[in-house]
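Student: Quick one: this structure, given as structure tokens, is what I'll be asking you about.
The values are calculated or read from the model by the stated rules, or taken from the named source; none is laboratory data. These numbers were taken from a predicted model, which means no experiment stands behind them. Counting neighbours? That spans all protein chains shown, and the Cβs are built from the backbone with ideal geometry, glycine included. Accessible surface is based on the protein model in full, side chains and every heavy atom, while ligands, DNA and RNA are left aside. Shrake-Rupley method; radii C 1.70, N 1.55, O 1.52, S 1.80 Å.
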Amino acid sequence: MTVLILTSQDDVTADLVVRQCTETGREVHRVALDDELTISGIPGKRIIVKDAHRTTISPQGIYWRRPGPVDSEQAKALVGMLRALPGLVWVNHPDHNEKARHKPSQLVAARECGFNVPCTMIGNDVDEIHAFTQNYPDHVIKPLHQGETFVPLGQGMIYQQRIRKRSDIRLTVVGKRLFPCRITSVLEDWRQDENANYEPASAPREIVNAVHRYMKHFGLHFGAFDFAVAEDGSWHFLECNPNGQFGFVEKLCGLGISRALADLLTEGPGFSGA
């Protein structure tokens, strides 16, 4: 079975999956949408993708990583032909990624799926902001784009109740497999802390169940969840990036995320792994 990875040439996250596919004897073909490609096929039946290095006929798995804009005729032909093929394993399908990447939709779905979600207001109305911050004087301000980066007043659109936390959790989901990593930092945003501590963790059963509901809701096979763990031990949903980075937690915690992705792309979503 051949895996087609659509990404840029300098994507180190994709490098990890390529390496795992190669080491486990799986066929893998990595391309960017702006590569010099030769494409042919019959819609819904077959596609042949060639570059200077190899030829792939009707791949079984697609890792939609960082392919770039679908704006050239070549890119539209490739993506359109892949969309038309039945039975492909998409990680993740671009339509599902698009639906799942928006913060407001994430917060609504998270609450419906059973997560604790901090009280949140989105907008730039000064009166509404004032009312919210009066109700929640201990709060954080964030941008709407992916990434739990904190910003100064007036530069963000998300106002959210601060969770007094004892740690953070980055939980990476691959199919049915969960890879939690506990992050301890003296900073509010652990991404800014070069001295943060990373260690493997375990997820409570209610979190596991809510994660599976969330993934099903958006039709995802992969997701990178961020949680704040409060002082009382409760987990609070912050966001889920449907195309997030995982290399750093794989390396620092010894988690087999890239191997799980290689398994998923070749064996399908029903594969449970070791």
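Student: So, taking all protein chains as they sit and a 1.4 Å probe, how much accessible area belongs to Ser8, in Å² rounded to tens?
Tutor: 40
Student: Using a probe radius of 1.4 Å on heavy atoms only, what accessible surface per residue do you get for the chain? Whole Å² is fine.
Tutor: 48
Student: Based on the Cα atoms of the range 69-200, what semi-axes does the equivalent ellipsoid have, where each is the square root of 5 times one gyration tensor eigenvalue, given in whole Å with the largest first?
Tutor: Largest first, the range 69-200 gives 33, 22, 15 Å.
Student: For the chain, which whole percent of the accessible surface, found with a 1.4 angstrom probe, sits on carbon and sulfur atoms?
Tutor: Taking all protein chains in place, the chain shows 49 percent carbon and sulfur surface.
Student: The range 78-146 to the range 8-67: how many Å between their Cα centroids?
Tutor: 29
Student: Turning to a different aspect of this structure: Using a cut-off of 14 Å between beta-carbons, work out the net charge of the residues near Pro204 (Lys and Arg +1, Asp and Glu -1, Pro204 not included).
Tutor: Result for the local shell: 0.
Student: Could you name the lysines whose alpha carbon sits less than 27 Å from that of Lys251, not counting residues in the same chain fewer than 8 places away?
Tutor: Lys165, Lys176
Student: Once you compute Rg and the Kirkwood Rh from C-alpha atoms, what is the Rg to Rh ratio for the range 1-131?
Tutor: 1.12
Student: Report the Cα-based extents of the range 171-223 along its three principal axes, largest first, to the nearest Å.
Tutor: So the three principal-axis extents are 35, 20, 16 Å.
Student: What lysines sit close enough to Lys45 to cross-link, taking a C-alpha to C-alpha distance under 20 Å and skipping anything fewer than 8 places away on the same chain?
Tutor: Leaving aside lysines fewer than 8 places away in the same chain, those within reach of Lys45 are Lys76.
Student: Starting at the first residue of the range 98-113, write each ³J(HN,Hα) from the Karplus equation 6.51 cos²θ - 1.76 cosθ + 1.60 with θ = phi - 60°, in whole Hz, x for Gly and Pro.
Tutor: Result, ordered by residue: 4, 5, 8, 8, 7, 4, x, 5, 4, 5, 5, 4, 4, 5, 5, 7 Hz.
Student: Loop by DSSP (not H, G, I, E, B), at most 12 other beta-carbon atoms within 10 Å: where is the longest site-free stretch of the chain for trypsin sites (Lys or Arg not before Pro)?
Tutor: It works out to 46-163.
Student: Give a residue-ordered list of calculated ³J(HN,Hα) values for the range 193-209 (Karplus: 6.51 cos²θ - 1.76 cosθ + 1.60, θ = phi - 60°; whole Hz; x for Gly, Pro).
Tutor: For the range 193-209, the Karplus curve yields 10, 5, 9, 4, 9, 10, 8, x, 9, 10, 9, x, 4, 5, 6, 4, 5 Hz.
Student: Principal axis lengths of the range 216-261 from Cα atoms, whole Å, largest first?
Tutor: That works out to 34, 29, 13 Å along the principal axes.
Student: Sticking with this structure for a sec: Taking a spot 7 Å from the Cα of Arg162 along the direction of its beta carbon, which residues of the range 100-127 have an amide N less than 19 Å from it?
Tutor: Taking a point 7 Å out along Cα→Cβ of Arg162, the residues of the range 100-127 whose backbone N falls under 19 Å are 117-122.
Student: Classify the chain as rounded, prolate or oblate from the Cα gyration tensor: take a ≥ b ≥ c as the square roots of its eigenvalues, call it rounded if a/c is under 1.5, otherwise prolate when a/b beats b/c and oblate if not.
Tutor: Working: a/c = 2.19, a/b = 1.71, b/c = 1.28.
Judged from the Cα gyration tensor, the chain comes out prolate (a/c at least 1.5, a/b above b/c).
Student: Continuing with this model, one more query. List the residues whose amide H sits under 5 Å from the amide H of Thr2, counting only those 5 or more places along or on another chain, with H placed 1.01 Å from N in the peptide plane.
Tutor: Correct list: Gln60, Gly61.
Student: Follow-up question, since we're still on this one. Would you mind calculating the gained length between Asp193 and Arg205 on full extension (0.36 nm times residue separation, minus the Cα-Cα distance), in nm to one decimal? Don't skip to the answer; put the middle values down first.
Tutor: Details: separation 12, 0.36 × 12 = 4.32 nm, distance 2.96 nm.
Once the chain is fully extended between Asp193 and Arg205, it gains 1.4 nm.
Student: Okay, next question. Give the aspartates and glutamates whose C-alpha is closer than 12 Å to that of Lys103, dropping any in the same chain fewer than 8 places away, or say none.
Tutor: Lys103 reaches Glu148, Glu239.
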